[in-house]
Amino acid sequence: MKIVLIKTEGITPHTIRNKHLEKIRAIHKKLEVVGVSCLNKAEIEKHVANADIIAGVPNVIPPIAKAKNIKWIHSFSAGMDKVLTPEIIKSRIIVSNSSGIHAVPIAEHVMGIMLIYVRKFYDSFRNQQGKIWSKNQDITEIRGKTILIVGLGRIGIEIARLASCFGANVIAIKRNIKNKPDFIERVYSINQLENILPYADFVILCLPLTPATHHVFNANKFSKMKKSAVIINIGRGKLIDEKALIEALDKKLIAGAGLDVTEEEPLPKESKLWEMENVIITPHHSGWSEKYMDRAIDLFCLNLKAHLRGENLPNLVDKTRGY
């Protein structure tokens with residue numbers, strides 16, 4: 001069985017190292033494990049032609065037209081919108097992702113954004129630039145705030161756990177409202193979203209991008225939110241209608257936004273979001289950590305062992321639902 005891992009170039013959290021290749025090889029002596037640079041198109045085409053399994057981050061996974069033996073594609077990311085091409089959806093190729101490895105860094109990232117807002121660090125940073133010593137009378141705390149998590153997967157659950165440790169009242173939107181963790185006060189269906197939005201101080205989007213979730217947050221949803229509420233998006237940029245968001249921020253229908261993802265990435269320089277004082281922008285790196293690829297390879301190995309045993313993959317993606 002031949003496994004081809006497409007390696008990103010440079011020193012990034014997505015770097016596949018020799019120790020990762022060796023860890024995969026150690027699973028079974030008959031595995032042929034090849035690491036190929038994403039920049040070496042000729043080598044990719046050569047190895048993919050007879051590969052059984054291809055793995056890589058979404059933007060380096062190659063077209064499968066000439067991959068005659070391919071049975072499984074694994075993404076070292078959670079989002080599958082770039083991987084699930086019409087060709088792959090129609091094929092018999094199974095697809096898996098790395099859902100779960102991002103939970104710790106993204107949850108900490110979200111807590112950091114919330115702390116910036118409640119402790120008014122943004123104002124303090126600006127004052128520091130002007131050497132202004134001014135105490136902010138509007139500083140508050142996370143304890144007692146209502147935090148609505150829209151999408152209660154592994155990331156959403158870890159955010160909820162940390163928020164509950166801060167003393168927040170955590171509620172959530174979940175596809176299956178059963179099996180609620182103890183640290184979440186109540187779980188609602190997506191059909192109840194508009195009814196509970198008026199109660200949330202922070203709304204955190206953790207949904208995957210699918211046709212059903214595209215622009216799930218639009219002008220109507222923003223009109224239901226508290227004027228003091230902040231929306232945080234760590235899912236996909238197109239979950240939010242950006243024009244409607246900018247209008248809501250301009251009109252002070254909501255208090256702020258923390259965006260790790262945007263509709264177009266990189267965010268265009270002409271976007272008004274860059275200059276809005278009530279917006280925090282990070283460049284789609286909330287899931288990054290020096291432990292990223294170690295966790296990703298461990299998860300891939302878990303799925304590979306299941307595949308070799310003929311079992312369903314723990315991270316199998318439903319190609320019709322998109323996650």
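For the reader, a short list of remarks on this structure follows.
- Trypsin sites (Lys or Arg not before Pro) restricted to the range 176-273 and DSSP loop, no more than 16 other C-beta within 10 Å: Lys178, Lys227, Lys251, Lys252, Lys269
- Helical content alone sets the calculated 222 nm signal of the chain at -8500 deg cm²/dmol, taking -39,500 (n - 2.57) per DSSP H segment of four or more residues and averaging over every residue.
- Listed residues Ala160, Ala248, Pro268: farthest to the positive end of the dipole of the range 103-281 (Cβ charges): Ala160
- DSSP-loop GluC sites (Glu not before Pro) across the range 224-286, with at most 16 other Cβ within 10 angstrom: Glu264, Glu270, Glu277
- Straight-distance crosslink candidates among lysines, where the alpha carbon sits under 16 Å from Lys224 and sequence neighbours closer than 8 are dropped: Lys251, Lys252
- Of Lys243/Lys319; Lys7/Lys305; Lys174/Lys226; Lys131/Lys227, those spanning more than 28 Å from alpha-carbon to alpha-carbon: Lys243/Lys319; Lys131/Lys227
- Sequence-separation-based contact order of the chain, relative, with Cα cut under 8 Å and 6+ spacing, percent: 16 percent
- Cross-link partners of Lys23 among aspartates and glutamates, defined as those whose alpha carbon lies under 15 angstrom from its own and excluding same-chain residues fewer than eight positions apart: Glu32, Asp294, Asp298.
- Loop-located trypsin sites (Lys or Arg not before Pro) in the range 42-78 (DSSP state not H, G, I, E or B) with no more than 12 neighbouring Cβ atoms inside 10 Å: Lys66, Lys68.
- Separation between Cα centres of the range 169-187 and the range 14-43, rounded to whole Å: 40 Å
- Alpha-carbon Rg with Dmax, taken over the range 103-281, Å: 15.8, 52
- Normalised by 2.2 N^0.38 Å, with N the number of residues, the alpha-carbon radius of gyration of the range 1-154 equals 1.49.
- Remark: the range 103-281 carries a charge dipole of roughly 480 debye about the Cα centre, counting +1 on each Lys and Arg Cβ and -1 on each Asp and Glu Cβ.
- A straight line joining the Cα centroids of the range 198-214 and the range 108-145 runs 24 Å.
Just so you know, all these numbers are worked out from the coordinates, no wet-lab data involved. Here the structure is a predicted model, which means the values were calculated and not measured. Cβ: placed from backbone, ideal geometry, glycine included. Neighbour counts: every protein chain shown.
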